[in-house]
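Student: For reference, the structure I am asking about is given below.
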Amino acid sequence: CRLGTTRGTRYKTSNMSPSIKKILISDNVAPECKEILEKAGIVVEMKTDMTKEELCQKIKGCDGLIVRSATKVTADVIEASDCLKIVGRAGTGVDNVDIPAATKKNVVVMNTPGGNTLSAAEHTCFLIGSLARQIPQAHQSMREGRWDRKKFMGNELYGKTLGIIGLGRIGKEVALRMQAFGMTTIGFDPIIDAKTASEFNVEWMELEQLWPKCDYITVHVPLIPQTQNLMNEAVFAKCKKGLKVLNVSRGGIISEADLLKALDAGSVAGAAIDTWEQEPTTNTALVQHPNVIAIPHLGANTREGQRRCAIEIAEQIVDWVNGKGLVGAVNARDLKL
């Protein structure tokens, strides 16, 4: 996720505007998406909860497909299409879309990285506070009939250091909000430089410098080969004892197996996990760990965020059809447009 106030780079296409006559929406998106597309003269069909086989049949005759995270747009699905021109992801992550297969067939893969920025940032901030004060655990204790005031001794956020891995849209918004609690914010990003980070009061540093300084670490990067298991056993060994970590990005950036070891050893004092290596997760050891706040991937799950994503993906497609350029296309550089 990159910083910016716009939706993304606008690519000018050399050919005439694409002909998009019919779009299939295969996940639940806000109704504004369908309304905008139909107002532009595009036929929209909505059918959710399909099997892969059903989707492979339904995609035939469709120029576009709009998904959230539930639909898996595999190579088989793309190959089954006969006139597909675009796959629109109403949200940020596109790991549920086979981008190489789409690119090979000259299909645009488009996302809306800014639509759920505030939702994910706020969610992260709530979880930082919950880790500091063990709010979910205290709530569960009371539901079970106990009054455990002494058991749940928390910590203030004031004066603590928050490490932010990924200083794009979400990372920046997290930093600004947690600074209001008096936290010191440091961070790393391979693209955002130190000068840019300093503009929102984040001290940029290399990861090897960052690990031992943090009381809390939150990750906001895409899941790519370079970030797979970015936080692992070796990294936890370099961190401050009592560290609390958060993943509201993508499962697999923090090694779940190594995190569990660190929690059991006490080197990591708490973790809030919103995204998992496998979803739905089967990692009951982490879910049931007393120092883990386990969430079923709710970072983008707000009415406002989903509405923004739905509107943006529809408007981006309509703009492309109307010759206003291509915005949010993650594979645009590799396509013949």
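The values are calculated or read from the model by the stated rules, or taken from the named source; none is laboratory data. Worth saying up front: this structure is predicted, and the values here are computed from it rather than measured. Here Cβ is always computed from backbone atoms with ideal geometry, including for glycine, and neighbour counts include all displayed protein chains. Please note that ligands, DNA and RNA were not included when accessible areas were found on the heavy atoms of the full protein model with its side chains. Shrake-Rupley method; radii C 1.70, N 1.55, O 1.52, S 1.80 Å.
Student: Suppose each label sits 7 Å from its Cα in the direction of the beta carbon; what would the A285-E38 distance come out to in nanometres?
Tutor: 5.1 nm
Student: Between Y158 and D49, what length in nm is gained on full extension when 0.36 nm per residue of separation is reduced by their alpha carbon distance? Mind showing how you got there, number by number?
Tutor: Values: separation 109, 0.36 × 109 = 39.24 nm, distance 4.54 nm.
Result for the pair: 34.7 nm of gain on full extension.
Student: Please arrange M153, M46, M178 by accessible surface area, largest first, computed with a 1.4 Å probe and ligands excluded.
Tutor: Greatest to least solvent exposure: M153, M46, M178.
Student: Might you report the magnitude of the Cβ-based charge dipole of the chain about its Cα centre, with Lys and Arg at +1 and Asp and Glu at -1, to the nearest 20 debye?
Tutor: Using only the charged Cβ atoms, the result is roughly 480 debye.
Student: Let me ask another. Residues of the chain: accessible area per residue at 1.4 Å, in Å²?
Tutor: Accessible area per residue: 49 Å².
Student: Then there is this: On a C-alpha basis, how far is the centre of the stretch 116-170 from the centre of the stretch 189-221 in Å? Whole number, if you could?
Tutor: Measuring centre to centre over Cα atoms gives 21 Å.
Student: On to the next question. With axes computed from alpha carbons, what is the tilt in degrees of helix 169-179 against the longest principal axis of the chain, rounded to the nearest 10 within 0 to 90?
Tutor: In the chain, helix 169-179 runs at an angle near 30 degrees to the longest axis.
Student: Answer rounded, prolate or oblate for the stretch 186-244, using the Cα gyration tensor with square roots of eigenvalues a ≥ b ≥ c: rounded when a/c is under 1.5, else prolate when a/b is larger than b/c, else oblate.
Tutor: Judged from the Cα gyration tensor, the stretch 186-244 comes out oblate (a/c at least 1.5, b/c at or above a/b).
Student: Tell me, which longest segment in the chain has none of the chymotrypsin sites (Phe, Trp or Tyr not before Pro) that fall in DSSP loops with at most 10 further Cβ atoms within 10 Å?
Tutor: Looking at the chain, 159-337 is the longest stretch - no exposed chymotrypsin sites (Phe, Trp or Tyr not before Pro) with at most 10 other Cβ atoms within 10 Å.
Student: Okay, moving on. Under a 1.4 angstrom probe, counting protein chains only, how are H139, H220, H297 ranked by accessible area, largest first?
Tutor: The ranking, largest first, comes out as H139, H297, H220.
Student: Probe radius 1.4 Å, ligands and nucleic acids ignored: give me the carbon and sulfur share of the accessible area of the chain as a rounded percent.
Tutor: 52 percent
Student: Give the shape of the stretch 146-255 as rounded, prolate or oblate, defined through the alpha-carbon gyration tensor: a ≥ b ≥ c are the square roots of its eigenvalues, a/c under 1.5 means rounded, and otherwise the shape is prolate if a/b is larger than b/c and oblate if not.
Tutor: Oblate, since a/c reaches 1.5 and b/c is not below a/b.
Student: Return the loop-located trypsin sites (Lys or Arg not before Pro) in the stretch 288-337 (DSSP other than H, G, I, E, B) with at most 16 other Cβ atoms within 10 Å of their own Cβ; answer none if there are none. Display every interim value, and only then the final one.
Tutor: Numbers: sites: R303, R307, R308, K324, R333, K336; in loops: K324, K336.
Those satisfying the criteria are K324, K336.
Student: OK, next. Which value, in debye to the nearest 20, gives the size of the charge dipole of the stretch 149-251 about its Cα centre, when Lys and Arg are +1 and Asp and Glu are -1 at the Cβ?
Tutor: In debye, rounded to 20, the stretch 149-251 gives about 640.
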